[in-house]
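A.B. asks: Let me begin by handing over the structure; questions about it come next.
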Amino acid sequence: MTDALLALDGIARHYQVGSEPVRALDGVSFEVGRGDWVAVVGQSGSGKSTLMNILGCLDTPTGGTYRINGQDVQGLSDDALADLRNREIGFVFQTFQLLARSTALANVELPLVYRGVPRRERRRRAEEALGSVGLSERMHHRPNELSGGQRQRVAVARALVGDPSLLLADEPTGNLDSATGEEIFRLFAALHGRGHTIVLVTHEPRLAARCPRAIRLMDGRIVADGPGRDVARIGADGGAA
Amino acid sequence: MTRIARALAELVEGLRIALGALSGHRLRTALTTLGIVIGVTTVIAIVAIIQGLNRSFESQIQRFGAHTLYVSRYNWVSVSGDWWKYRNRKPIGETELKAILRESTIAVAASPVVSVTAAVSRGERSSSRVQVTGVGSDYLVANGGSVDAGRFLLASDVDLTRDSAVVGTDVADRLFPGASPEAVVGQKVLVAGHPFHVVGVMERRGRFLGQAMDNNVFVPFTTFGSLFGNKRPMFLAVAAPPGRVPDLDSELTGILRRARRVPPGRADDFVLNRQDQFLKVYQGLTGALYGVAVGVGLITLVVGGIGIMNIMLVSVHERTREIGVRRALGARRRTILLQFLVESAVVAALGGALGTAIGLAIAQVIALTTPLAAAVEPSAVALGLGFSAMTGLLFGSWPAWRAAHLDPVEALRYE
């Protein structure tokens, strides 16, 4: 149990919207081992986004415990959470979330800036990360000079550059056409092949089916956890098992 | 070690971001800084002119015999209270002059000074309101000034009550238009209808407190007395060697009390005036002006600061998603705070620099086109820049705080 990279035990996240209590997550428990590739699927409102925010240490649960790399995030200060994100998590977002005024290289360097890595070292590692996603030629271009697929590659390089424990991707193919989406998905597959731990949040059963493992959420609870193909099929059947 | 490296990297990054954001919105940046520019411009221009006035005043005071005591019946600067008391005092005159010349071991020069406004003419040409001053031969040593052509009055001019005169350049120009100072020496002029020989022409002195210093004629005080009578209030200019003015002050007090028979225990019935008394009064006046300038500056800086706060709030709002991304990638709150503080400080400092430059330019233009002088001390520039950067930090802190306390989840989701 202590060996797992991510360990969630009875995670709950409750909000108060007006006088209405909302249980975005309600007793979610699972583990993710090192080198695993897990898809999180579910319809909108199922709690996917909330789970992703908690996994990414952008939000903290109101109940249960979450350990990442053995560290309990409960009670960590805002600064400590920022440092944890910087070290342990590499984010890939649906809308890329690149800084428009910065070059691809500067975007990729950003996590290292916040880690205090010296300039030259930063530059070297960012170039390396861009090379690993096949963008060595476009390093000095700004996001608006890149195609959607290229932008998402830059985002992946930015997620990888700090050598985090976990790649956390939120609908990474959602804003791409199917061919480009496939290209990005293959990039994740390749990263998984190199030993990276990946959590992929998606609403597409088609993609979840190709992941070794998938978790299906509904109304803030896990309704299925198993091989991607099986879990995805439940979704294709149109609801709970 | 890594903490310092990280803080430094964050600061550099903050500066880079700030410059990028500002150059991305040039017009907006320019309009934002306008308030600061106007404020700093005003303050720098006013301060430059005040400092210029101070400096020229001080240099003129210097020319006036900084080491000179002026023996008079009343205090030149603060004529306080009972002026009858002063008026009824025994006049200062030759008795006191002789006593000083006889007894003082410190004084290097002493001269009486007595003035009247009179007409000076030569043939058809005349000047009606010339200051005619009766002095001794040591006047220049005691009071400052020098002769351009010819000579000043000699002891023999005074002793023999000669009709010798030394004229100021304004008088020379009026009565002898186009003539060189040398050509004026040896000519005859009428002072209050009485013929005088011009023995010398003074060097030009310019203006002092807005008063022409060259519209005058110096004559022996003895001749002055026989022409205008001995009732006019006289004072004595007595010079000390540099640094010995306080010694001379106490020595003169003793000599004058004896000469004027002031009983022990009674207050002096004379005053030893000094030029730097003027300086004190003057500095009091400009101090008040300084206060007004600083007040105006502060008000405009506050207005400018509110402009900066406004635009920084807009900037934070526009970059909500960027803030979310940075937070997700590991930026601490402090880092975001610093980034926006740097940005507002840079905007304000830009305004400060621009305002300083414009203020200096305005001061120069004023100095060149009006009788006002202008000078700028580095302290004024430092003050302008410092104040504006402070304004940026102060008014940027609330928007920066808001940016730093955005919820990363909300910020990332912001459209």
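A.B. asks: Limited to the stretch B:1-44, what total is found for residues that are within 16 Å of residue A:119 (Cβ to Cβ) and buried (at least 19 other Cβ atoms within 10 Å of the Cβ)?
C.D. replies: Number of matching residues: 5.
A.B. asks: Scan A:151, A:124 and give me the residue that is out of contact with any Asp or Glu (no Cβ under 9 Å at 6 or more places or on another chain), crowded, with 18+ Cβ neighbours inside 10 Å and charged (D, E, K, R).
C.D. replies: Only one candidate passes the filter, namely A:151.
Residues checked against (1) over 23 Å from residue B:334 (Cα atoms); (2) crowded, with 22+ Cβ neighbours inside 10 Å:
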| residue | (1), (2) |
| --- | --- |
| A:102 | no, no |
| A:108 | no, yes |
| A:111 | no, yes |
| A:116 | no, no |
| A:133 | yes, yes |
| A:147 | yes, no |
| A:189 | yes, no |
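A.B. asks: For the stretch B:1-54, name all the residues that are at the interface with chain A (Cβ under 8 Å from one of its Cβ atoms) and either touching a residue at least 60 places away in the same chain (Cβ under 8 Å) or farther than 30 Å from residue A:106 by Cβ (or both).
C.D. replies: Across the stretch B:1-54, the qualifying residues are B:10, B:13, B:21.
So that you can scan it fast, the table gives a plain yes or no per residue for (1) surrounded by fewer than 18 Cβ atoms within 10 Å (Cβ to Cβ); (2) assigned to a helix (DSSP H, G or I); (3) in contact (Cβ under 8 Å) with a residue 12 or more places away in the chain; (4) among the hydroxyl-bearing types (Ser, Thr, Tyr):
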position	(1), (2), (3), (4)
B:339	no, yes, yes, no
B:342	no, yes, yes, no
B:350	no, yes, yes, no
B:354	no, yes, yes, no
B:362	no, yes, yes, no
B:366	yes, yes, yes, no
B:373	no, no, yes, no
B:380	no, yes, yes, no
B:388	no, yes, yes, yes
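A.B. asks: Could you tell me how many of the residues in the stretch A:1-41 are farther than 22 Å from residue A:69 by Cβ, of a type in the set (S, T, N, Q) and modelled with pLDDT of 90 or more?
C.D. replies: So the answer is 0.
A.B. asks: Going by what's in this entry, would residue A:158 be described as within 26 Å of residue A:35 (Cα to Cα) and either of a type in the set (Phe, Trp, Tyr) or more than 13 Å from every other protein chain (Cβ to nearest Cβ) (or both)?
C.D. replies: no
A.B. asks: Given the conditions (1) modelled with pLDDT under 90; (2) in contact with a strand residue (DSSP E or B) (Cβ under 7 Å, 6 or more places away or on another chain); (3) within 14 Å of chain B (Cβ to nearest Cβ), report the number of the one that residue A:44 does not fulfil.
C.D. replies: With respect to (1) modelled with pLDDT under 90; (2) in contact with a strand residue (DSSP E or B) (Cβ under 7 Å, 6 or more places away or on another chain); (3) within 14 Å of chain B (Cβ to nearest Cβ), residue A:44 is out only on (2).
A.B. asks: Determine which member of the set B:221, B:196 is modelled with pLDDT of 90 or more and under 35 Å from the mean Cα position of the chain (by Cα). If you could, list the steps in order and put the result at the bottom.
C.D. replies: Values: B:196 fails: under 35 Å from the mean Cα position of the chain (by Cα).
The unique qualifying residue is B:221.
A.B. asks: If I go through the stretch A:47-95 residue by residue, how many of them are of a type in the set (D, E, K, R), more than 12 Å from the chain's Cα centre (by Cα) and within 9 Å of chain B (Cβ to nearest Cβ)?
C.D. replies: From the stretch A:47-95, those of a type in the set (D, E, K, R) are A:48, A:59, A:67, A:72, A:78-79, A:83, A:85, A:87-88; that's our starting set.
Adding the requirement that they be more than 12 Å from the chain's Cα centre (by Cα) leaves A:59, A:67, A:72, A:78-79, A:83, A:87.
Keeping just the survivors that are within 9 Å of chain B (Cβ to nearest Cβ) gives A:59, A:78-79, A:83, A:87.
So the answer is 5.
A.B. asks: Return yes or no: is residue A:105 more than 11 Å from every other protein chain (Cβ to nearest Cβ), within 19 Å of residue B:20 (Cα to Cα), outside any loop (DSSP other than H, G, I, E, B) and not polar (S, T, N, Q)?
C.D. replies: It is true that residue A:105 is more than 11 Å from every other protein chain (Cβ to nearest Cβ), within 19 Å of residue B:20 (Cα to Cα), outside any loop (DSSP other than H, G, I, E, B) and not polar (S, T, N, Q).
A.B. asks: Can you go through B:354, B:368 and tell me which one is modelled with pLDDT under 85 and away from chain A (no Cβ under 14 Å)?
C.D. replies: Values: B:354 fails: modelled with pLDDT under 85.
Sole residue among the options that is modelled with pLDDT under 85 and away from chain A (no Cβ under 14 Å): B:368.
The values are calculated or read from the model by the stated rules, or taken from the named source; none is laboratory data. Fair warning: this is a prediction, and the values are worked out from it, not measured in the lab. Here Cβ is always computed from backbone atoms with ideal geometry, including for glycine, and neighbour counts include all displayed protein chains.
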